[in-house]
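Peer 1: I am attaching a structure below and will ask some questions about it afterwards.
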Amino acid sequence: MKKRMSAIAVALFVAIVPGAAAPAAAAAEPRQDRPLPGTYCGAWREAQGRLTSVEVRPCLDVQPDGWAYVQIENRNNTWLDGDVWRPASRTYPAHWTVDGRVEKGLTTVMFFEIPRVSQPRDNGKATAQQSAPVTCGPHTVEYHFHQNGPGYYDPDLDIDLPKVTVPIAIPCSGAAPR
């Protein structure tokens, strides 16, 4: 008798209150504000040491469950050998680290770190182990990039990119972000 009364009460509530839905109907509706899975990247930023050069950009790799990882991509990782720019190689790799945070508005979503990466070619990427749930909409990635090499391994010749803040937009899987 109680189950039947509960079902009748829910039906009356749904019929009387505008916009109300039965619990089963509400649970069946897909969430429209979920982030769309994919990799979304910020702008490339050139960084130079006295005898080395590289371009760097952050990306947010959004998983199907809504959690994101930070990836740092780089390209044109080169060093000046006399008057010729040479790419990083197995013989002369680049060694780099990154740390930073992801923000949405005034809220820090996560802090991240990519410890020393040894890169034996002129382009590559690495992913931070840290991850956090994200929502769709505008985010910023604030990061500090430091590189030793390629070609020269004197700390005085390192690339030390000061803190950079880059906007990255994560699209929604359905309707516009809230």
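The values are calculated or read from the model by the stated rules, or taken from the named source; none is laboratory data. The structure displayed is predicted, hence computed values, not measured ones. Ideal geometry is used to build each Cβ from the backbone, glycine not excepted, and the neighbour counts take in all protein chains shown. Surface areas here come from the heavy atoms of the whole protein model, side chains and all, with no ligands, DNA or RNA. Shrake-Rupley method; radii C 1.70, N 1.55, O 1.52, S 1.80 Å.
Matching residues to (1) within 22 Å of the chain's Cα centre (by Cα); (2) of a type outside the set (D, E, K, R); (3) at pLDDT below 95; (4) outside any strand (DSSP E or B):
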{"site": "Met110", "(1), (2), (3), (4)": "yes, yes, no, no"}
{"site": "Glu113", "(1), (2), (3), (4)": "yes, no, no, no"}
{"site": "Ser118", "(1), (2), (3), (4)": "yes, yes, no, no"}
{"site": "Thr127", "(1), (2), (3), (4)": "yes, yes, no, no"}
{"site": "Ser131", "(1), (2), (3), (4)": "yes, yes, no, no"}
{"site": "Thr140", "(1), (2), (3), (4)": "yes, yes, no, no"}
{"site": "Tyr143", "(1), (2), (3), (4)": "yes, yes, no, no"}
{"site": "Gln147", "(1), (2), (3), (4)": "yes, yes, no, no"}
{"site": "Asp156", "(1), (2), (3), (4)": "no, no, yes, yes"}
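Peer 1: Any residue at all in the stretch 101-108 that is of a type in the set (S, T, N, Q), at negative phi and in contact (Cβ under 8 Å) with a residue 24 or more places away in the chain?
Peer 2: No, because not a single residue in the stretch 101-108 is of a type in the set (S, T, N, Q), at negative phi and in contact (Cβ under 8 Å) with a residue 24 or more places away in the chain.
Each row is one residue, and each column tells you yes or no for (1) open to solvent by 10 Å² or more (accessible area, probe 1.4 Å); (2) touching a Lys or Arg at 6+ places or on another chain (Cβ under 6 Å); (3) more than 15 Å from Ile114 (Cβ to Cβ).
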residue: Val134; (1), (2), (3): yes, no, yes
residue: Val141; (1), (2), (3): no, no, no
residue: Asn148; (1), (2), (3): yes, no, no
residue: Ile170; (1), (2), (3): no, no, yes
residue: Ser173; (1), (2), (3): yes, yes, yes
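Peer 1: Is it the case, given these coordinates, that Trp85 is among the aromatic types (Phe, Trp, Tyr), part of a strand (DSSP E or B) and open to solvent by 30 Å² or more (accessible area, probe 1.4 Å)?
Peer 2: Considered against the rule, which asks whether it is among the aromatic types (Phe, Trp, Tyr), part of a strand (DSSP E or B) and open to solvent by 30 Å² or more (accessible area, probe 1.4 Å), Trp85 comes out as yes.
Peer 1: Just need a number here: residues in the stretch 22-57 that are of a type in the set (Gly, Ala, Ser), open to solvent by less than 50 Å² (accessible area, probe 1.4 Å) and at pLDDT 50 or above.
Peer 2: 5
Peer 1: Taking the stated definitions as given, is Gly66 farther than 18 Å from Pro115 by Cα, small (Gly, Ala, Ser) and open to solvent by less than 30 Å² (accessible area, probe 1.4 Å)?
Peer 2: yes
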